[in-house]
1. How do the helices (runs of 4 or more DSSP H) wholly within segment 233-298 filter down when requiring 1 or more residues that are of a type outside the set (A, V, I, L, M) and at pLDDT 95 or above: which remain?
2. Just to be sure before I move on: is MET168 away from ligand 1 (no atom under 13 Å from the Cβ) and without any contact (Cβ under 8 Å) to a residue 60 or more places away in the chain in the structure I sent?
3. Out of all the residues in segment 122-148, which are among the acidic types (Asp, Glu) and more than 14 Å from ligand 1 (Cβ to nearest atom)?
4. Scanning for something assigned to a helix (DSSP H, G or I), of a type outside the set (A, V, I, L, M, F, W, C) and within 23 Å of LEU174 (Cα to Cα), does segment 74-92 turn up at least one residue?
5. Would you say GLU126 is within 14 Å of ligand 2 (Cβ to nearest atom) and surrounded by fewer than 18 Cβ atoms within 10 Å (Cβ to Cβ)?
6. Report whether or not ARG190 is basic (Lys, Arg), surrounded by fewer than 22 Cβ atoms within 10 Å (Cβ to Cβ), within 10 Å of ligand 1 (Cβ to nearest atom) and farther than 23 Å from VAL95 by Cα.
7. Scan (1) in contact (Cβ under 8 Å) with a residue 24 or more places away in the chain; (2) within 14 Å of ligand 1 (Cβ to nearest atom) for the single condition ILE151 breaks and write down its number.
8. Are any of the residues in segment 167-176 closer than 16 Å to LEU252 by Cβ and within 13 Å of ligand 2 (Cβ to nearest atom)?
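The values are calculated or read from the model by the stated rules, or taken from the named source; none is laboratory data. Because the structure is a prediction, the values reported are computed rather than measured. Cβ placement follows ideal geometry from the backbone for every residue including glycine, while neighbour counts extend to all protein chains displayed.
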Amino acid sequence: MSVPSDLPSQGGPDADGGQQPVRADWIIHQGWEHYTAEEHGVWKTLFQRQTRLLPSRACDAFVQGMADLPIGPDQIPDFRRLSDKLMQRTGWQVVAVPGLVPDEVFFEHLANRRFPAGHFIRKAHELDYLEEPDVFHDIFGHIPMLMHPVIADYIQAYGKGGLRAHQMGTLDKLARVYWYTVEFGLVQQRDGLRIYGAGIASSATESVFALDDASPNRVGFNLDRVMRTRYRIDDFQETYFVISSLDALLELAHIDFAPVYERMQGRSEVEPGTLLTTDTVISRGTGRYHAEKRKHGG
Ligand code: HBI
Ligand code: FE
């Protein structure tokens, strides 16, 4: 598909002042020409901060993907140029959306190799905190990994699986797999643990916490285990799951999740910080960071 040229640049405000989609697929124009110097400046601050942190922390595929894309410090990237490059490499494209979109809309895009990216950028006074995925998280965090053929197939499979899971009522389980891989995954590289998850790669504080802090657990990835594990959306993760190589996701891209959901029926849920005797523990966390927060009622 190509992006139609008659797109609105924004949805219209509804009665609550929220955004109403103009189109069923929620796609809007990125409106690249309308970014202000200040918005490009926020991008630059974030870009430079992460670019200092990531060379020894992000996995090789992330660093290579970034190097091969038209992404730099000076400007918020133009989705049309990103899509040209991505399309050549893995058949993906980037489309602009106003922010979070409904699950089915999100999955429908992924199933068709379109990555919906927020077109807005966080404000200068909220560099480290935002509720909705913005252009920095979506582009800087996600797009480099979509240059890798295995990740490209894996995220499309998640979209297809998501559409099915939505119908079967098992979406909570599948969402955990996405969370602990695409968003917060670590990978064992020959020279040590590295980041491939976009939620970590786009966060200055979490890219240090996830790899270097003594607090979180780091556990070998296991599909059943991950599907039972709740996650935190408002703070650093208490447990990170480590895949042995990016190729490990290839298996998941071809898996039929229906029998997996079947055997998950009635299994207990696992809290974010809990270790199980069956876990392959890579490092046992002290739990200190989240314990301190709980003590202070945070
Ligand atoms: N919409 N734009 C956007 N980005 C997301 O990551 C996203 C979404 N809608 C739903 C969603 N994620 C998740 O809740 C699903 O992965 C379950
Ligand atoms: Fe994301």
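1. Hits in segment 233-298: 288-295.
2. No; evaluated as a whole, the condition is false for this residue.
3. Pass one, segment 122-148, residues among the acidic types (Asp, Glu): 126, 128, 131-132, 134, 138.
Matches in segment 122-148: GLU126, ASP128.
4. Within segment 74-92, the first condition is being assigned to a helix (DSSP H, G or I), and the residues that meet it are 79-90.
Among the residues that remain, those that are also of a type outside the set (A, V, I, L, M, F, W, C) are: 80-81, 83-85, 88-90.
Subsequent filtering for residues that are within 23 Å of LEU174 (Cα to Cα) retains none.
No, there is no match, as no residue in segment 74-92 is assigned to a helix (DSSP H, G or I), of a type outside the set (A, V, I, L, M, F, W, C) and within 23 Å of LEU174 (Cα to Cα).
5. So GLU126 fails the test.
6. Working: basic (Lys, Arg): yes; surrounded by fewer than 22 Cβ atoms within 10 Å (Cβ to Cβ): yes; within 10 Å of ligand 1 (Cβ to nearest atom): no; farther than 23 Å from VAL95 by Cα: yes.
For ARG190, the condition - basic (Lys, Arg), surrounded by fewer than 22 Cβ atoms within 10 Å (Cβ to Cβ), within 10 Å of ligand 1 (Cβ to nearest atom) and farther than 23 Å from VAL95 by Cα - is not met.
7. Only one criterion is unmet by ILE151, namely (2).
8. Yes, segment 167-176 has at least one match.
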